[in-house]
């Protein structure tokens, strides 16, 4: 016994054993989070169990996958090499499982759909999808941000969401599929008594000198804050500092009344007491909205959701951009590549 791996007649090493999908899923979570505690929370497992699975996978592959220190976790060269294989294997594994849950079994499995917030166009899409697939149970959830929703999708606690796909990290996008839904015109929510409430539309340059709240500090919505920074850049508009995270319209209205900052929103934002919504113009800034789901997911409810989104987008011109529109170049490229 030399300790060398056995080889095939062609000289290639025999695989020692098939990789357990659970171990690959643990590896992938740590590789994407680069943090064992966050990865464990994402998978809803104990950190000790997650660490044990990663060590077991390293033993089976006879390589180190992560370089660990007290301050950070990074992928080794072997970890980087494994990452695309792990994603492909898990996508195929999930697709195989989904292939045998079609029909009545799949229809009986609820599809959990994040609408971000009540009152947005995503709710109309869900309503239409329920009409198209009455045999399915499509359940609404409200995660208030695509970044937060995507973490729930990765952990299996959500199936689909809506939001700015280009604002996600490359690692997060790698495991997702998306369908453009709408270029949603943006607006500003003004506290009652603000001078700009006298206007029916607010030219963007009239916000110069203002500090506008755009979710800064909210870990669930960094894609929205990033969009605001891109929009405000060079216009003399500041992103307001973090405020306490308000849950529910009453708390949101209370915090808004206390801080008196305008709030960046979309034209379909629901009414709030003590606030006035005004569309932004000159240019018309657009918030790109996509339907996002885990790549490889198969479910008749998802099919209905995609069809509903396409129907409404076509009927109401949601994917037609005004001539004087503003949208980040990266977002435009990603949206147009999928339209």
### Query
Restricting attention to the range 45-81, which residues are in contact with a helix residue (DSSP H, G or I) (Cβ under 7 Å, 6 or more places away or on another chain) and more than 18 Å from residue 156 (Cα to Cα)?
51, 53, 54, 56, 57, 63, 64, 65, 66, 73, 75, 79
### Task
Would you check which residues across the range 106-128 are under 20 Å from the mean Cα position of the chain (by Cα), modelled with pLDDT of 90 or more and either buried (at least 21 other Cβ atoms within 10 Å of the Cβ) or in a helix (DSSP H, G or I) (or both) and list them?
111, 113, 114, 115, 121, 122, 123, 124, 125, 126
### Query
If you go through the range 129-150 one residue at a time, do you hit one that is within 30 Å of residue 83 (Cβ to Cβ), part of a helix (DSSP H, G or I) and assigned by TED's automatic domain parsing to the domain that holds residue 266?
no
### Query
Which residue pairs have Cβ atoms closer than 9 Å, lie 6 or more positions apart in sequence or on different chains, and pair a first residue in the range 328-339 that is surrounded by fewer than 16 Cβ atoms within 10 Å (Cβ to Cβ) with a second residue that is at pLDDT 90 or above and part of a loop (DSSP other than H, G, I, E, B)?
339/319
### Task
Report whether or not residue 155 is surrounded by fewer than 17 Cβ atoms within 10 Å (Cβ to Cβ) and touching a helix residue (DSSP H, G or I) at 6+ places or on another chain (Cβ under 7 Å).
yes
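Only one residue in 157, 130 is closer than 13 Å to residue 301 by Cβ and touching a strand residue (DSSP E or B) at 6+ places or on another chain (Cβ under 8 Å). Which one?
On inspection, the qualifying residue turns out to be 130.
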### Query
Somewhere in the range 274-286, is a residue within 23 Å of residue 168 (Cα to Cα) and under 19 Å from the mean Cα position of the chain (by Cα)?
yes
### Single match in 248, 215, 193, 234 (criterion: at pLDDT 95 or above and on the phi > 0 side of the Ramachandran plot)
234
### Query
So which residues in the range 19-34 are surrounded by 15 or more Cβ atoms within 10 Å (Cβ to Cβ) and either under 19 Å from the mean Cα position of the chain (by Cα) or touching a residue at least 60 places away in the same chain (Cβ under 8 Å) (or both), if there are any at all?
19, 21, 24, 25, 28, 29, 30, 31, 32, 33
## Note on the structure
If you go through 88, 102, 42, 6, the only one that is loosely packed, with under 14 Cβ neighbours inside 10 Å, modelled with pLDDT under 85 and either under 30 Å from residue 143 (Cα atoms) or touching a helix residue (DSSP H, G or I) at 6+ places or on another chain (Cβ under 9 Å) (or both) is 102
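The values are calculated or read from the model by the stated rules, or taken from the named source; none is laboratory data. Just so it is clear, the structure is predicted and the values come from calculations on it, not from any experiment. FYI the Cβ positions are ideal-geometry reconstructions off the backbone, even for glycines, and counts take in every protein chain you see.
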